[in-house]
Amino acid sequence: MKLPFGFIENIGPAHLLICLAIILVLFGGKRLPELARSLGRSLGEFKKGREEGELLAHEKAKQAMEDLKKEEPVKVEDPKV
């Protein structure tokens, strides 16, 4: 089973277990739940900010299109010969 992780293309279950073991050794068992909660909250805040940014961009684009539709086109006169 290969899990796509963006820039890490060929990561398998063995590699994932090794990474988790290293994290467990570095931070200890007591801090892992705290780190997981912090990571989850950070991802939630990032997702919320991204959605707000997308909504704002869509609103601005919609407003710009409405403003363009309201403007009267410039009348061009025929050239005089």
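Only the coordinates and a few stated rules stand behind these numbers; no lab work does. Just so it is clear, the model here is predicted, and its values are computed rather than measured.
Considering only region 48-78, how many residues are of a type in the set (A, V, I, L, M, F, W, C) and under 21 Å from the mean Cα position of the chain (by Cα)?
So the answer is 4.
Residues of region 35-81 being of a type in the set (S, T, N, Q) and over 30 Å from Leu20 (Cα atoms), which ones?
Residue satisfying the conditions is Gln63 alone.
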